[in-house]
Amino acid sequence: MRSPKESQVRKLPESGVSRRGFLQGVSLGGGALGAAVLERPAEAAQSGVVGPGEVSITLWVNGKEHELRVEPRVTLLDALRDRLGLTGAKRVCDRGTCGACTVLVEGKAVYACTTLAIDAQGKNIQTIEGMTRGSELHPVMKAFVNNDAQQCGFCTPGFVVAAKAFIDEHPNPTEEDVMNGLGGNLCRCGTYIGIRKAVVEAAKAMGGRNA
Amino acid sequence: MPDYKWPPKDQRRIIGKPVNRVDGPAKASGRARFSQDVRLPGMLYAALLTSPYAHAKVTDIDTSQAEKSPGVKGIQIISEPGTEIQWAGTEIALVAADTEEHARDGVRKIKVKYEVFNDHFVKEADLATAQKLGRAKPSGEAVTGDPDQAFKDADVISEGEYGIPPITHCCLESHGQVVAFDGEKVEYRPSTQNVSGVGGDLAKGLEIPAANVHVHQDHIGGGFGSKFASDRWGVETAKLSKKVGGKPIRYHHDRRTELEIAGCRPAIYGRFKVGAKKDGTIIAWESKTWATGGFGGGGLNANLLPYVFRDVPNRRFNHSAVSINAGGARAWRAPNHPQVSFLTCSAIEDLAAKLKMDPLEVFLKNLHYTQRPEVYRAQLLKAAEMIGWKSKWHPRGQSGRGPVKTGLGIGIGTWGGMGHNATERVTIHPDGSVVLEIGSQDLGTGTRTIITQTAAESLGLPMKDITLRIGDNRYPRAGASGGSTTVGGTSAATRKATLNALEKLFEAVAPSLGAQPDQLVARDGKIMVKGDSSKSLTWRAACAKLGVTPIEATGSNNRRSPGGLIAGGVGGAQMAEVEVDTETGIVTLKKLAVVQDCGMIINPKTAASQCYGAAIMAICGALYEERILDAATGRFLNAEFDFYKLAGIKDVGQIEVHLDMTPEHDARGVVGLGEPPVIPGIAAIANAVANAIGVRVPRVPLTPDRVLAALERRRA
């Protein structure tokens with residue numbers, strides 16, 4: 001669930017729910033969330049409803065601005081894959097269970113399949129494509145290659161992105177830490193043994209610093 | 001004709017080295033393209049309407065509202081009125097639209113009328129009801145020796161009932177394709193294990209010549225035996241493409257549909273009776289099993305029970321195929337073997353407990369009934385050493401006081417793994433570049449890597465100088481990747497093709513080196529005269545002698561005359577150490593020791609990955625995975641990843657792999673490794689749990705509720 005703190009930084013589309021209106025709804029605390037939800041349709045009527053047709057949005061992805069038109073129901077994942085051609089993030093469960101769609105939003109690992117594209121506006125989005133510099137692989141990617149932490153490769157981009165976010169917060173992890181930190185991603189081929197080693201190795205290569 | 005045999009072990013430079021997989025960087029960086037990543041100009045998106053009913057008849061389909069829905073470009077009815085549906089998830093209609101969201105809207109606007117029969121049967125474990133309903137088809141009795149007399153002669157008879165439910169393949173890239181069909185020719189981008197063969201399969205469905213289908217696939221996001229055919233959704237998407245003027249259409253299953261209809265591993269349940277002498281020698285075996293692979297039922301080869309110990313002299317086998325209203329089975333990594341390994345090894349472990357013997361002794365005692373006693377003996381002893389059997393094993397249920405119990409268990413397996421037929425083409429260009437082409441596929445097993453290693457070894461070049469092209473049916477034909485046949489088929493074809501090409505190169509350059517072609521060798525990027533290192537040409541200089549004409553050569557593997565390059569037939573043993581919390585019923589895998597027989601190993605790194613991955617799949621099957629069908633509605637209740645549980649990175653404990661790599665193993669040539677290590681793990685874990693808690697949990701997965709229920713029964 002999105003915390004109120006995160007909601008504060010959320011920049012909604014012009015015609016969306018107003019920030020103040022939304023904060024009024026949640027300011028009474030968790031116990032009043034039901035009331036907040038009930039309050040929202042009335043506010044929406046006042047401020048105009050987004051969709052159901054396409055709306056223009058702007059996404060900042062890998063340091064570049066992209067203007068696109070999507071329906072409000074389009075997920076960030078589908079916008080990235082089908083509209084922007086950034087197909088590194090994969091759609092597997094499509095409901096926030098497997099992590100194959102992981103991207104970074106403001107540096108945090110996020111399931112792009114359960115984030116709406118319109119909600120990702122105004123935020124710094126980084127996909128796996130943005131982690132390479134030219135043909136130079138990111139240290140996490142190199143470690144995945146060295147430790148054979150991949151087989152079919154379909155879960156790999158999600159794991160690599162999640163691992164990067166994990167190392168940013170835990171610059172000197174043990175394998176035990178990796179097991180606790182990367183529980184949000186699934187692999188079917190069974191590459192976990194290599195991933196445990198790869199993430200520890202990548203963190204070392206990154207010098208125990210955030211990179 | 002060149003001598004194709006593998007170079008002696010001490011002379012190999014690249015074969016046998018743990019090099020990184022060649023497509024690793026593309027996969028780790030997200031650049032690798034899968035079928036789901038294909039985007040073509042003018043491409044439409046399709047969504048599928050499926051039946052919510054397990055047994056019904058379609059009486060009417062009204063697409064008028066869907067046709068008017070925004071963005072919808074075409075609709076293909078798959079199950080016409082009058083069609084009888086036998087499982088939930090059956091394909092009803094496909095809608096193509098400009099966006100996937102619009103295609104899904106279109107699906108929602110199709111009105112289907114069903115005559116719902118409400119007589120579906122999905123309780124696969126319930127043989128009595130299946131028999132009453134006429135849904136169980138006996139496949140006859142097979143008797144060897146005199147089991148009745150042998151049971152009379154036995155000192156101990158152990159009986160047990162065990163069951164293993166269906167699990168699905170769970171390919172992370174769901175089944176589907178991008179396909180464009182203009183009425184004559186087809187551009188086909190499937191997710192397939194069968195690049196060379198799937199085009200012909202699609203052509204059959206479309207009633208066009210096979211040569212009209214062009215198949216291309218760069219990467220496949222998991223197959224595990226479920227992706228050989230073009231499938232109904234492939235054929236129907238192609239027909240829909242034709243309907244919309246030949247535009248490409250992308251369709252892949254959503255997760256629910258993927259789990260419902262894209263294949264499963266059949267369930268097998270059974271009652272077992274084992275008779276033995278006091279010293280642990282098994283003399284009699286009886287099994288009554290039933291299996292289901294969906295509406296078609298599920299067969300079982302009598303030779304598979306007892307598994308591995310197949311020469312028990314007195315045995316009786318009975319089997320029934322149970323038909324249920326659920327999506328059908330497909331080959332699942334080592335078809336039927338993990339199930340019969342679990343059933344057989346459970347029966348042996350229970351026998352050992354009844355004899356009050358160490359099960360390792362009982363397994364060792366009966367190895368003369370197996371095809372390879374010496375292999376299994378060495379493997380069991382190795383696995384025992386890796387798991388610490390001597391110091392840690394205790395008699396069943398005697399794990400000491402306290403709620404957390406520990407236990408050890410054994411599982412064994414066998415597989416073939418002989419390489420499939422395959423042909424490769426090698427082109428050596430006058431500029432020195434080398435291109436290999438083969439209509440194979442890399443499932444993530446490392447096929448690209450082992451082909452490149454084999455070619456580099458044969459040509460005396462570094463791997464980076466080899467360009468490999470796979471994944472296209474315009475390349476020479478290779479077998480489908482199933483049954484652990486790919487590594488043998490492609491490596492042998494590569495060896496022959498590269499040496500055939502090299503022979504032609506030697507002929508072309510021999511005069512300039514003042515030598516005969518058969519005096520030349522290719523090594524370290526040079527063509528040189530054997531025994532005279534002063535006479536040599538660099539690879540590039542040698543190839544320049546070709547003038548303007550490249551060398552083209554092919555090489556084929558023929559499994560009927562493997563020529564010493566490949567072999568089949570392996571054994572494997574695994575031992576598990578578990579911890580069971582008897583208050584919560586939670587089983588924790590501490591360690592799995594994997595010992596696997598195989599032949600010459602081209603790449604120990606990717607070979608080990610096969611073992612780790614297979615072990616993890618077995619852990620999933622032992623502890624987490626199960627298709628749960630709802631008796632009331634006939635639907636697959638947990639057909640999403642939130643409730644269909646797979647192991648995560650923390651759930652798989654420690655896995656230690658030992659690959660047998662003696663000179664004798666090496667001399668056999670290449671043997672496939674995809675299936676074998678997935679077989680013994682479930683048995684090992686289930687036996688370890690029985691050893692820990694003192695009672696058999698009769699069904700896997702060993703979920704907390706089942707563990708607690710088994711403990712409850714023991715107390716009662």
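Points worth noting:
- Scanning segment B:46-70 for residues that are within 14 Å of chain A (Cβ to nearest Cβ) and surrounded by fewer than 24 Cβ atoms within 10 Å (Cβ to Cβ) yields B:ALA47, B:SER69, B:PRO70.
- The residue that is surrounded by the fewest Cβ atoms within 10 Å (Cβ to Cβ), among those in segment A:155-181 that are facing chain B (nearest Cβ under 7 Å) and either touching a His at 6+ places or on another chain (Cβ under 8 Å) or more than 26 Å from B:VAL19 (Cβ to Cβ) (or both), is A:ASN180.
- Of the residues making up segment B:63-82, those that are within 35 Å of the chain's Cα centre (by Cα) and of a type in the set (S, T, N, Q) are B:GLN76, B:SER79.
- Qualifying position, being of a type in the set (Val, Ile, Thr), closer than 16 Å to B:GLY30 by Cβ and in contact with a strand residue (DSSP E or B) (Cβ under 9 Å, 6 or more places away or on another chain), among A:ILE118, A:ILE128, A:ILE193: A:ILE128
- Here the condition is being in a strand (DSSP E or B) and in contact with a Pro (Cβ under 6 Å, 6 or more places away or on another chain); of B:GLU161, B:GLU141, it holds for B:GLU161 alone.
- Residues being aliphatic (A, V, I, L, M) and within 25 Å of B:GLY653 (Cα to Cα) are represented in segment A:95-108 by at least one member.
- Selected residue (criterion: farthest from B:PRO680 (Cα to Cα)) from residues of segment B:584-598 that are away from chain A (no Cβ under 14 Å) and touching a Leu at 6+ places or on another chain (Cβ under 9 Å): B:THR584
- Listed here are the helices (runs of 4 or more DSSP H) enclosed by segment B:186-302 that have at least 3 residues being of a type in the set (Gly, Ala, Ser), in contact (Cβ under 8 Å) with a residue 60 or more places away in the chain and within 14 Å of chain A (Cβ to nearest Cβ), and there are none.
- Residue selection: B:THR370 satisfies the criterion of being under 27 Å from the mean Cα position of the chain (by Cα), crowded, with 20+ Cβ neighbours inside 10 Å and not assigned by TED's automatic domain parsing to the domain that holds B:ARG540.
- Whenever a residue of segment B:505-524 is among the hydroxyl-bearing types (Ser, Thr, Tyr), its partners that are not in a helix (DSSP H, G or I), lying with C-beta atoms within less than 9 angstrom and at least six residues away or across chains, give the pairs B:SER512/B:LEU537; B:SER512/B:LYS545.
- Subset of segment A:130-154 that is free of Cβ contacts under 8 Å to residues at least 12 places away in the same chain and either small (Gly, Ala, Ser) or more than 7 Å from chain B (Cβ to nearest Cβ) (or both) - its residue that is surrounded by the fewest Cβ atoms within 10 Å (Cβ to Cβ): A:GLY134
- Yes/no for B:THR485 being closer than 30 Å to B:LYS591 by Cα and either out of contact with any Cys (no Cβ under 8 Å at 6 or more places or on another chain) or free of Cβ contacts under 8 Å to residues at least 60 places away in the same chain (or both): yes
- Restricting the search to strands (runs of 3 or more DSSP E) fully inside segment A:59-129 and requiring at least 3 residues that are more than 8 Å from chain B (Cβ to nearest Cβ) and in contact (Cβ under 8 Å) with a residue 60 or more places away in the chain gives A:124-126.
- As a summary of the residue check, B:PHE272 satisfies the conditions (1) modelled with pLDDT under 95; (2) touching a helix residue (DSSP H, G or I) at 6+ places or on another chain (Cβ under 6 Å) except for the one numbered (1).
- Test set (1) within 20 Å of the chain's Cα centre (by Cα); (2) more than 26 Å from B:HIS169 (Cβ to Cβ); (3) among the aliphatic types (A, V, I, L, M) - B:ALA608 fails condition number: (2)
- The criterion of at least 3 residues that are over 35 Å from the mean Cα position of the chain (by Cα) is met, among strands (runs of 3 or more DSSP E) falling completely within segment B:441-545, by B:520-523, B:526-529, B:532-538.
- Residue in segment B:24-38 that is of a type in the set (A, V, I, L, M, F, W, C) and more than 9 Å from every other protein chain (Cβ to nearest Cβ) present: no
- Among residues of segment B:608-652, those that are out of contact with any His (no Cβ under 7 Å at 6 or more places or on another chain) and more than 10 Å from every other protein chain (Cβ to nearest Cβ), counted: 18
- The residue that is surrounded by the most Cβ atoms within 10 Å (Cβ to Cβ), counting only those in segment B:153-185 that are within 14 Å of chain A (Cβ to nearest Cβ) and over 18 Å from the mean Cα position of the chain (by Cα), is B:VAL178.
- When each of B:GLU100, B:GLU124, B:GLU115, B:GLU91 is tested for being buried (at least 23 other Cβ atoms within 10 Å of the Cβ), of a type in the set (Asp, Glu) and touching a residue at least 40 places away in the same chain (Cβ under 8 Å), the lone residue that passes is B:GLU124.
Conditions tested, residue by residue: (1) of a type in the set (S, T, N, Q); (2) in the same structural domain as B:PHE224 (by TED's automatic domain parsing); (3) within 28 Å of B:ALA614 (Cα to Cα).
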position	(1), (2), (3)
B:GLY407	no, no, yes
B:ASP431	no, no, no
B:VAL435	no, no, no
B:SER440	yes, no, yes
B:ILE451	no, no, yes
B:ALA456	no, no, no
B:THR467	yes, no, no
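The values are calculated or read from the model by the stated rules, or taken from the named source; none is laboratory data. Because the structure is a prediction, the values reported are computed rather than measured. Using ideal geometry, Cβ is built from the backbone for each residue, glycine included, and neighbour counts are taken over all protein chains shown.
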